[in-house]
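The structure appears below as C-alpha cells.
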Amino acid sequence: MLFRSVSQPQTAEVLPLLLVCDGIGGHEQGNVASQTAVEVLLKQLSGLNMPANSPPEVVGQHLKQALSLVNHTIASRNNKEHRSERARMGTTVVLAVVCFPYVYIAHVGDSRAYRISSKTCYQVTLDDDIASREAQQGFALYPEAAQMPSGGALIQALGIYDTNSLAPSIQYLLLDDPSLLLLCSDGLSDHDRIDALWRPTIQAFTTGRADLSSLSQALIQQANRLNGHDNVTVDRKSTRLNSSHLVIS
C-alpha cells in the first residue's frame, strides 16, 4: 500500500485502514489464513470511529485486540482440524491506521512498512525472523545473520501459536511532512529491493513527477524481474482522505 500524508481536520471520523496480509509459504492453506485475517481486520477496524488527537495507547489497544482476535480465529481452526507444525496455516500482516496527527503501524511476521520522502527511505518495521532476532540480541550483524540457512524463518505469525504467545509490534509516526507509506509483503521487499528501487522508481512519485498508475506498473515489473520467485499483485483503491494507496503482496 502506498499512502501520501496530508493534513486533516481534527474531527471524529472513520479511520482510514490500510493492510497487507501474506499467507506463509510452505504452510498449507496460507491463502485461507490471509483471507481470514483480512476479513476479521476489516470487520474490527474499518468502522472504527475515533477523534483526532486520541491518546496513542487507546488506538494501539484497539489494534492489539484486533490482531489477537485474528490470531485466535486462525489458531482455533488449526486446533480444531488437528493441524501441527508446518501443517498449521498462518499469515503475516502489516497494517496502518491513520488517526491524525499520527499514522499507527502494526505488524506480525515479515511483511514490511516503509516511510519514503523525496530524500529518504526508512524501513519502519523490523521483521519477525531469526536473522533480526540474532542481530537484536547482538549475536551477529544482520547481513551475516540473513545469510544463515534459517535466517529468514519466522519466529511469529498470525495463527501459528496460541494468542498468549503473540507479541505484535505497534508504533506510531507523526505525519509532519509530505511522505509516502509503503506497505508490502516480501514479494517486493526480499533482497532489500525497496532500498535499491526507491530512488529510481518511487522518488518521482513523492515529488509529483509520476502518477500512481505508472508507479504501480513500475513496481510490478521490477518485482517480477528481481523477485520473480514470489507472487506480486496490485490493487488500487482510494481512502476517505482523497489520497491513494497501493496494495503489494
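In nm, to one decimal, how far is the L141 label point from the R225 one, both placed 7 Å along Cα→Cβ?
2.9 nm
Evaluate the charge dipole of segment 49-181 about its Cα centre and quote only its size in Debye, nearest 20, assuming +1 on the Cβ of each Lys and Arg and -1 on the Cβ of each Asp and Glu.
340 debye
Expressed as a whole number of Å, what is the distance separating the alpha-carbon centroids of segment 158-175 and segment 188-226?
Segment 188-226 and segment 158-175 have Cα centres spaced 27 Å from each other.
Probe radius 1.4 Å, ligands and nucleic acids ignored: give me the carbon and sulfur share of the accessible area of segment 76-186 as a rounded percent. Intermediate values should be presented prior to the final figure.
Details: 2670 of 5150 Å².
Exposed carbon and sulfur together represent 52 percent of the surface.
Under 20 Å from the 7 Å Cα→Cβ point of S54, by amide nitrogen: which residues of segment 63-87?
63-71
Roughly what would the spin-label model give for L69 and R133, points 7 Å off Cα along C-beta, in nm?
2.9 nm
Tally Lys and Arg at +1 and Asp and Glu at -1 over the other residues with C-beta under 14 Å from the C-beta of Y122: what net charge comes out? Please list the in-between numbers first.
Details: positive: R112, R115, K119, R199; negative: D176, D177, D192, D195.
Charge balance near Y122 sits at 0.
Which value, in Å², gives the accessible area per residue of segment 44-84 when a 1.4 Å probe is used on the protein heavy atoms? Mind showing how you got there, number by number?
Numbers: 2160 Å² over 41 residues.
Value returned for segment 44-84: 53 Å² of accessible area per residue.
Please compute the modelled spin-label separation between A87 and A167, points set 7 Å along Cα→Cβ, answer in nm with one decimal.
For A167 paired with A87, the spin-label model returns 2.9 nm.
Given 0.36 nm per residue, what is the gain on full extension from S76 to I155 after removing their alpha carbon distance, in nm?
Numbers: separation 79, 0.36 × 79 = 28.44 nm, distance 1.92 nm.
Length difference between fully extended and current span is 26.5 nm.
The values are calculated or read from the model by the stated rules, or taken from the named source; none is laboratory data. Just so you know, these numbers come straight off a predicted model, no measurement behind them. Every residue, glycine among them, receives a Cβ derived from its backbone with ideal geometry; neighbour counts consider all protein chains shown. Side chains are part of the model used for accessible areas, which takes the heavy atoms of the whole protein and leaves out ligands, DNA and RNA. Shrake-Rupley method; radii C 1.70, N 1.55, O 1.52, S 1.80 Å.
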